[in-house]
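Working notes for the structure below.
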Amino acid sequence: MILHHQSGRVVPPGSTVGMIGGGQLGRMMILEGRKMGYRFIVWDQVADSPAAQVADKEIVADYSDRKAASSLAKACDVVTYEFENVDPACLRLLEQEGVMPQPTHLLELTRHRVSEKKALKAAGIPVAPFRIVHQKHELATALSELGTPAVLKTATGGYDGKGQSILHTEEDVSAAWSAVGQDGEAFVLEKFIPFACELSVIIARSTSGEVRTFPLAENVHRNHVLHQTIVPARVSDEVAREAERVARLVVESLPVIGLIAVEMFLTATGEIIVNELAPRPHNSGHFTYEACVTSQFEQHLRAVCGLPLGSTRLLSPVVMVNLLGDDLHLLERQLPYLPDSVKVHIYGKHEVKAGRKMGHLCIVDESITRALAQAERIGMWEQKQVEAAPS
Ligand code: AMP
């Protein structure tokens, strides 16, 4: 895909970057960007967000507030986003003002599961067999066509397994529809893939057209939420090459500027199936912060600012472990006992909620076996917490 938009415009260090969204991804982008001399303004709906805590300024306004979009456009040399639930009308306004190098169309494609699946399929990229359903009776028909088990997913707003329901038998139609469905809205029913493992490739394209991929990541989920990322992924070179080929195909087929995370399933027969795309830094790329020459956060900034992309070379094997909810308090107690290979990230969120991403650990060790054993020990104190929690 040829992109003409603002190609090659260089936004040099010292310029001001606008960040839509104040979560941990924005925070880590800012921490990396500050190192390079950029200034930052964060736009979030609430004050003192994780990203605003490390920014120069913040704008607190609803994400559909056109006035906020205009004032961000005036104050910034370039604007990017750290999450997908931005109002496309605001993004288009920023694009027209010449400060948003990421095409609004990319966000529109990827924030809706139906358009995302269709775009992937049209590009010849393997996806799980799927049907689009709007009504309960269509769900029953779609399930009989696809067979069980299958997963019903909302087209928008779903993340970390929210807005999803697995159907094991045809009798699950009513329960799944009442859990997730709503007549008139669009849903995707897709075949359940009994995957051997989950993988992701994070890939960047800069405004000057340069493309680079990060090392393949192996992802372990718990309750649909990312729990661990293991790099190098424990797959053959052939699988790693195929995953990279598929990620490059995504970038060639869609109007990508900046980072895009390509989440994949590896089947027992060695096939790669793309599950989801995220046009931004991604939880499964946190390992790059410590373990690669260039982090995903710096790479995204380089890509949208038109700087040459950095080396993505892996410096060390690494295991990333997410800290959810009360894991944070457990971590605080464990801090004195953590080995020196463990790097701690805490996002500065004010409220601890069950399942909420509060921070993460990167275990950087030349032996992946040792890093995994350490992650296992961390998993054991997380497990104890689950067992001790009042039911
Ligand atoms: P998603 O919100 O689509 O990223 O899904 C979250 C997680 O649910 C994935 O990372 C998988 O672990 C699981 N999942 C989603 N779709 C499927 C599927 N079609 N087959 C098997 N597992 C799935």
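The values are calculated or read from the model by the stated rules, or taken from the named source; none is laboratory data. Remember, predicted model here, so these are calculated numbers, not experimental data. Positions of Cβ are backbone-derived with ideal geometry, glycine not excepted, and every protein chain shown enters the neighbour counts. Keep in mind that these areas ignore ligands, DNA and RNA; they rest on the heavy atoms of the full protein, side chains included. Shrake-Rupley method; radii C 1.70, N 1.55, O 1.52, S 1.80 Å.
Here are some notes:
- In sequence order, calculated HN-Hα J values of segment 331-343 (Karplus, 6.51, -1.76, 1.60; Hz; x Gly/Pro): 4, 4, 6, 7, 3, x, 9, 6, x, 6, 7, 9, 9
- Among the protein heavy atoms, those of R234 account for about 140 Å² of accessible surface (1.4 Å probe, every chain in place).
- Under 5 Å from the amide H of E58 lie the amide H atoms of V42, each residue being 5 or more positions distant or on a separate chain, with H modelled from the backbone and absent for Pro and chain starts.
- Across the cross-link table entries K153/K191; K67/K357; K118/K191; K117/K153; K121/K191, which are compared at the Cα atoms, the separations over 21 Å belong to K67/K357.
- The average projected area of the chain, computed from the convex hull of its Cα atoms over all directions, is 19.3 nm².
- Relative to its Kirkwood radius, the Cα radius of gyration of segment 200-250 gives an Rg/Rh of 1.04.
- For a straight C-alpha distance cut-off of 16 angstrom, the aspartates and glutamates reachable from K136 (same-chain residues fewer than eight places away being disregarded) are E145, E170, E171, D172, D183, E185, E190.
- Amide H partners (placed H, <5 Å) of G23, local residues excluded: A51
- Distances between placed amide hydrogens fall under 5 Å for V79 paired with G18, M100, all partners being 5 or more residues away or on another chain.
- Among Q299, P232, H112 the positive-end extreme of the charge dipole of the chain (Cβ point charges): Q299
- Relative contact order, percent, segment 147-197 [alpha-carbon distance under 8 Å, six or more residues apart]: 47 percent
- Averaging over all projection directions, the Cα-based convex hull of segment 113-185 occupies 4.8 nm² in the image plane.
- The residues neighbouring V188, those whose beta-carbon lies less than 13 Å from its own, together hold a net charge of +2 under the Lys/Arg +1, Asp/Glu -1 convention.
- Here the accessible area of the chain is 50 percent carbon and sulfur, with a 1.4 angstrom probe and all protein chains present.
- Only one residue of N283, L167, L266 has its Cα farthest out toward the positive end of the dipole of the chain, where Lys and Arg carry +1 and Asp and Glu -1 on Cβ, and that residue is N283.
- Computed accessible area, M36, all protein chains, 1.4 angstrom probe, square angstrom: 40 Å²
- Listed residues H137, H105 arranged by accessible area, highest first, probe 1.4 Å: H137, H105
- Computed from phi, the 3J(HN,Hα) profile of segment 129-144 under the Karplus parametrisation 6.51, -1.76, 1.60 (θ = phi - 60°) reads x, 9, 9, 9, 10, 10, 9, 4, 5, 5, 5, 4, 5, 4, 5, 5 Hz, with x in place of Gly and Pro.
- Computed from phi, the 3J(HN,Hα) profile of segment 185-202 under the Karplus parametrisation 6.51, -1.76, 1.60 (θ = phi - 60°) reads 8, 8, 9, 10, 9, 10, 5, 6, 9, x, 6, 6, 6, 10, 10, 8, 10, 9 Hz, with x in place of Gly and Pro.
- Magnitude of the charge dipole, the chain, Cβ model with Lys/Arg +1 and Asp/Glu -1, debye to 20: 740 debye
- Cα-Cα P(r), segment 1-155, percent of pairs per 5 Å interval: 2, 9, 15, 16, 15, 12, 9, 9, 7, 4, 2, 0
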